[in-house]
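Novice: Questions regarding the structure given below will be posed in turn.
The values are calculated or read from the model by the stated rules, or taken from the named source; none is laboratory data. All of these numbers come straight from a predicted model, not from anything done at the bench. For neighbour counting, all protein chains shown are included, and Cβ atoms are generated from backbone atoms with ideal geometry for every residue, glycine included. We work out accessible area using only protein heavy atoms, side chains counted, and drop any ligands, DNA or RNA first. Shrake-Rupley method; radii C 1.70, N 1.55, O 1.52, S 1.80 Å.
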Amino acid sequence: MTWPNRFLALGHEHYTELTAQALPAPHWVATSDDCAALLGLPSDWAEAAELNALQVFTGNALWPGMKTLASVYSGHQFGVWAGQLGDGRALWLGEMDTPNGTMELQLKGAGRTPYSRMGDGRAVLRSSIREYLCSEAMAALGVPTTRALCITGSSLPVRRETIETAAVVTRVAPSFIRFGHFEHFSHHDQPAALKRLADFVIEHHYPACRDVAEPYAGLLEAVALRTAEMAAAWQAVGFCHGVMNTDNMSILGLTIDYGPYGFLDAFDPGHICNHSDEQGRYAFARQPNVAFWNLHALAQALLPLMGTGDEASERALAALAPYKAAFPQALLARMSAKLGLAQAEDSDRELVDDLLRRMAADRADFTITFRRLAQFNTAPGADNATMRDLFIDREAFDTWAARYAERLRREHSIDAERALRMNLVNPKFVLRNHLADAAIQAAQAGDFGETERLMQVLRRPFDEQVEHEAYAAFPPEWASSIEVSCSS
Ligand code: AMP
Ligand code: MG
């Protein structure tokens, strides 16, 4: 294994080197074969005595080449400047050369750091399972995301609303650099450190920006475009992040920091998945605009590198502008695919929006509605009962269905072929809150089997998996009363 650890070259303004706080007698909770394969680890990596992985991924030992540090960042939380934050419980383990490029490994929950503020530096089993399952589920859904290699657990008590137990998640991504890293050095008036960070990100993650006339404006635009793709992927799969603070925005446009997230059950554009978000700032339908707001915070942070005065501001705004076209375009492309449309037409947006309006009016289940849409029969007179049954206002559905059928016939769509295509973009299985809750409750009682089963289902979200029908069912009545807060 080679560990280039390039981040170290940024210098001590950017991080503090420190060691993890040991967790006694750890045990495995879960391991992701897919993530291990991404890293090129041997198939017996978790158990091989010489790798000592259980201790390494708890923070009790290191592989040769690993270095441990916590990085500093700041950020806007719920629209308000929050000052210095940083890796309060994440510990950088180094950058590893893998068959898929250089990957950063991080422990989450390995103890206090200089950036822990009032926190204990720990993560609980509950939130670790949520982060682990969703990271891997999102990757399988084709949504840009950080990954999770494993969870280890311990009996160490951790105080949240109740007493829970400690766990450590190992996260993997090409980089965990956030918008907040840039905001930190800009706000604290450290232009040299800011420039080093921007140059680092350009060199290793956006090399095409090196060759443009204005590299920092180029970087901003490239980040805006990736963020647009990420936001479109979220909206198309019904994912609500819950805490889109600028410190939770990846410079690579990856979904990062899985906390009080949720997948939509009944479609409600105003859905707020984070119980602590009283104003609904991060409600489902607001996510694309919040992402754009966050990009403005990043632009503000990059301003010192983009010249002076109005000229710099104009450059920054011009670099952000492409988001306004890129997001709706990316979303329409995804939604058209969800409807099985092969060729784009001007009226498609209206067709999509109309379906979403009807789904919202009747609180149709987001995932089930789109999955069933694949069985749509375009033959004149077909009643499409399985779809129709999802709507209370059947006549309104019939009106939409007639337009949809007509649209499909116009492009000579063949039902069976379209169904195959649609089943590759409309998942049958998503990580609904009640499914995660069941896995968590079993794990808290010492049984990790349900976490593993759920993971196996979610890593193939588009496959029929008829033996796992129950995981694709409507959520139970009690699911709507699940409250997920920032507590983790
Ligand atoms: P989050 O809301 O999880 O994105 O975290 C916001 C900030 O609080 C980050 O700087 C985290 O590192 C820090 N933080 C959250 N929970 C803890 C904890 N239990 N111990 C230390 N720092 C924490
Ligand atoms: Mg965070």
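Novice: Tell me which residues, restricted to the range 88-116, are touching a Leu at 6+ places or on another chain (Cβ under 8 Å), assigned to a loop (DSSP other than H, G, I, E, B) and within 11 Å of ligand 1 (Cβ to nearest atom).
Specialist: Passing the criteria: Ala110, Gly111, Thr113, Pro114, Tyr115.
Novice: With the requirement that a residue be open to solvent by 10 Å² or more (accessible area, probe 1.4 Å), near ligand 2 (Cβ under 10 Å from one of its atoms) and either under 9 Å from the mean Cα position of the chain (by Cα) or more than 13 Å from Phe176 (Cβ to Cβ) (or both), what does the range 244-257 give you?
Specialist: Matches in the range 244-257: Asp257 only.
For (1) surrounded by fewer than 23 Cβ atoms within 10 Å (Cβ to Cβ); (2) over 17 Å from the mean Cα position of the chain (by Cα), each residue gets a yes or a no:
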{"site": "Glu95", "(1), (2)": "no, yes"}
{"site": "Thr102", "(1), (2)": "yes, yes"}
{"site": "Gly109", "(1), (2)": "no, yes"}
{"site": "Ser116", "(1), (2)": "yes, yes"}
{"site": "Asp120", "(1), (2)": "yes, yes"}
{"site": "Ile129", "(1), (2)": "no, no"}
{"site": "Ala137", "(1), (2)": "no, no"}
{"site": "Leu149", "(1), (2)": "no, no"}
{"site": "Thr152", "(1), (2)": "no, yes"}
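Novice: So if I check each of Ala82, Ala70, which one is in contact (Cβ under 8 Å) with a residue 24 or more places away in the chain, outside any loop (DSSP other than H, G, I, E, B), within 10 Å of ligand 1 (Cβ to nearest atom) and open to solvent by 10 Å² or more (accessible area, probe 1.4 Å)?
Specialist: Numbers: Ala70 fails: open to solvent by 10 Å² or more (accessible area, probe 1.4 Å).
Only one candidate passes the filter, namely Ala82.
Novice: Condition (residue is assigned to a loop (DSSP other than H, G, I, E, B), over 23 Å from the mean Cα position of the chain (by Cα) and away from ligand 2 (no atom under 16 Å from the Cβ)) applied to the range 30-38: is it met by at least one residue? If you could, list the steps in order and put the result at the bottom.
Specialist: In the first step, residues of the range 30-38 are kept if they are assigned to a loop (DSSP other than H, G, I, E, B); the result is 32.
Add one more test, that the residue is over 23 Å from the mean Cα position of the chain (by Cα), and what stays is none.
No, the range 30-38 contains no residue that is assigned to a loop (DSSP other than H, G, I, E, B), over 23 Å from the mean Cα position of the chain (by Cα) and away from ligand 2 (no atom under 16 Å from the Cβ).
Novice: Look at His76 and say whether it is at pLDDT 95 or above, within 14 Å of ligand 1 (Cβ to nearest atom) and touching a helix residue (DSSP H, G or I) at 6+ places or on another chain (Cβ under 9 Å). I'd like the intermediate steps shown before the answer.
Specialist: On the way: at pLDDT 95 or above: yes; within 14 Å of ligand 1 (Cβ to nearest atom): yes; touching a helix residue (DSSP H, G or I) at 6+ places or on another chain (Cβ under 9 Å): yes.
When the stated conditions are applied, His76 passes them.
Novice: Would the range 199-208 turn up any residue that is of a type in the set (Val, Ile, Thr), in contact (Cβ under 8 Å) with a residue 12 or more places away in the chain and out of contact with any helix residue (DSSP H, G or I) (no Cβ under 8 Å at 6 or more places or on another chain)?
Specialist: Filtering the range 199-208 for residues of a type in the set (Val, Ile, Thr) gives 201-202.
If we keep only those that are in contact (Cβ under 8 Å) with a residue 12 or more places away in the chain too, we end up with 201-202.
Next cut, out of contact with any helix residue (DSSP H, G or I) (no Cβ under 8 Å at 6 or more places or on another chain) only: none.
No, the range 199-208 contains no residue that is of a type in the set (Val, Ile, Thr), in contact (Cβ under 8 Å) with a residue 12 or more places away in the chain and out of contact with any helix residue (DSSP H, G or I) (no Cβ under 8 Å at 6 or more places or on another chain).
Novice: Could you please give the count of residues in the range 449-480 that are open to solvent by 50 Å² or more (accessible area, probe 1.4 Å) and either under 19 Å from Leu125 (Cβ atoms) or of a type in the set (Phe, Trp, Tyr) (or both)?
Specialist: Step one: filter the range 449-480 for residues open to solvent by 50 Å² or more (accessible area, probe 1.4 Å), giving 452-453, 456, 459-460, 463-464, 466-467, 469-470, 474, 477-478, 480.
Of the ones still in play, those that are also either under 19 Å from Leu125 (Cβ atoms) or of a type in the set (Phe, Trp, Tyr) (or both) are 452-453, 474, 478.
The number of residues fulfilling the criteria is 4.
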